[in-house]
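Worksheet: the structure to be examined is printed underneath.
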Amino acid sequence: MFNKENNHKIVRKEFINDRIIDNIRIGNNFVDDFIFDEKNQAADIPINALRVIFNIISIISNEQFRPEDRPKQLSLFDEEFETENNTFALLKIKNSKISPSGSTKQVVSAYEFLTKFKMGWYKSLNNKGREIKTFAGLISTPTYDERGYTSFLISSYWLKKLIVIPEYNYVLYHLVYNVKNNKHIIFAIWLAKIPQTGTVLKLSTFNAKFDLNYKTSNDFCFKFLKHVKFNLDKHGTLSFNFKYKADNISIQPYSTSSCEKADELFDDQEHLYITYRINYFKKRYKLVENEIEQFSFQYRNLPQTRQLVEKSYKYFIKNNRKLNRKSSDFKGKEFLKELQQIMIDLYRTTRMGKLLPNGCPTIL
């Protein structure tokens with residue numbers, strides 16, 4: 001319930017911007033407070049609601065700033081939005097941007113979610129030390145108009161977290177249109193926040209963070225991470241490699257701009273050759289499906305890993321000849337372990353291996 005002091009909304013500004021930008025800047029404060037909770041667990045935000053969020057950020061992008069770079073702009077923001085309680089800005093988004101298929105139900109559902117999600121009283125201090133209160137979710141009072149737009153209010157509390165961004169990361173605007181799985185989008189937002197050197201988390205932590213329920217690290221890696229990685233390799237600017245040991249799962253981000261995308265490079269002959277090579281390894285070294293799954297994925301989709309595998313395999317054959325061993329005596333995981341060790345040794349002689357000695361691609 002509103003009290004008598006705060007029983008009305010004050011609209012200070014209308015943001016109008018239909019321009020679409022390639023990359024949006026998502027402030028870390030907003031990610032920590034809205035997309036994740038105090039236990040660092042991700043909210044289950046539907047894909048159409050994520051599209052609303054991405055479009056809000058795109059619309060206000062011209063207003064975003066780092067306060068340390070433009071301290072005067074922070075004062076101007078406070079004067080405009082943080083002098084009275086329940087102050088809002090007005091925005092509007094074309095409905096087709098939320099539901100490209102034209103589903104009214106999807107649009108309504110997205111705005112209903114963002115109206116109710118985390119609805120409550122929020123307090124902040126302006127630059128004069130005065131406490132400003134706002135009651136709302138991220139948005140409030142969404143309204144259709146006849147031209148196919150939805151107008152809504154966004155509170156000064158959440159607006160500040162989106163506009164004033166001391167720390168932020170870039171995410172592709174079109175990711176929410178090219179990737180349909182909301183958990184993959186939220187993983188991409190989280191991935192943008194982790195250090196370039198990567199991170200290692202336990203399976204239980206990943207399950208809790210992304211509201212998953214995988215029993216083993218292998219299942220998590222190949223039933224979840226593999227599909228996220230595929231989407232980000234294809235549609236994102238930042239993707240990642242992964243590997244696991246027992247319950248510890250390591251994530252190593254990398255820029256896709258430095259990695260040629262397989263789908264854009266392969267013609268029919270290349271597809272046939274890669275399939276032939278995978279089948280060759282499978283038959284010659286008696287690899288069963290669960291043993292070759294990760295090897296096959298890495299070899300087929302990552303050109304740099306494929307080159308390292310082939311280089312390592314040549315070394316494997318040459319070394320066995322020197323030792324008078326039959327290469328075909330290595331079977332199943334024994335072959336993969338031998339090849340993996342050679343890959344690690346060769347990788348560590350490269351420039352990247354000296355910078356990130358533990359960043360060698362994993363094939364088992």
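The values are calculated or read from the model by the stated rules, or taken from the named source; none is laboratory data. Model, not experiment: these values are computed from the prediction. Cβ atoms come from the backbone with ideal geometry, glycine included; neighbour counts cover every protein chain shown. Accessible surface is based on the protein model in full, side chains and every heavy atom, while ligands, DNA and RNA are left aside. Shrake-Rupley method; radii C 1.70, N 1.55, O 1.52, S 1.80 Å.
Table for the structure above
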| read-out | value |
| --- | --- |
| Among (1) under 28 Å from E79 (Cα atoms); (2) modelled with pLDDT of 95 or more; (3) of a type outside the set (S, T, Y), the one test that F113 misses | (1) |
| Residue check for S217: modelled with pLDDT under 95, touching a helix residue (DSSP H, G or I) at 6+ places or on another chain (Cβ under 6 Å), more than 23 Å from N28 (Cβ to Cβ) and open to solvent by less than 10 Å² (accessible area, probe 1.4 Å) | yes |
| Residue that is nearest to I20 (Cα to Cα), among those in the stretch 112-129 that are in contact (Cβ under 8 Å) with a residue 40 or more places away in the chain and surrounded by fewer than 22 Cβ atoms within 10 Å (Cβ to Cβ) | F113 |
| Every residue from the stretch 86-103 that is in contact with a strand residue (DSSP E or B) (Cβ under 9 Å, 6 or more places away or on another chain) and either over 22 Å from F15 (Cβ atoms) or open to solvent by 20 Å² or more (accessible area, probe 1.4 Å) (or both) | L90, K92, K94, N95 |
| Failed criterion for K354 (all others in (1) touching a residue at least 24 places away in the same chain (Cβ under 8 Å); (2) within 28 Å of the chain's Cα centre (by Cα); (3) more than 25 Å from F220 (Cβ to Cβ) hold) | (1) |
| Some residue of the stretch 154-175 being assigned to a helix (DSSP H, G or I), of a type outside the set (A, V, I, L, M) and closer than 19 Å to D22 by Cβ | no |
| In the stretch 133-154, the residues that are surrounded by fewer than 22 Cβ atoms within 10 Å (Cβ to Cβ) and either in contact with an Asp or Glu (Cβ under 6 Å, 6 or more places away or on another chain) or at pLDDT below 90 (or both) | K133, F135, G137, Y144, D145, E146, R147, G148 |
| Search result, residues across the stretch 140-150 that are under 16 Å from Q106 (Cα atoms) and polar (S, T, N, Q) | T143, T150 |
| Matching residues, the stretch 324-335, being open to solvent by 100 Å² or more (accessible area, probe 1.4 Å) and among the basic types (K, R) | K326, K333 |
| Residue under evaluation A192, criteria (1) of a type outside the set (D, E, K, R); (2) touching a residue at least 60 places away in the same chain (Cβ under 8 Å); (3) open to solvent by less than 10 Å² (accessible area, probe 1.4 Å), criterion not met | (3) |
| Among the residues listed as R321, R306, the single one being open to solvent by 30 Å² or more (accessible area, probe 1.4 Å) and modelled with pLDDT under 90 | R306 |
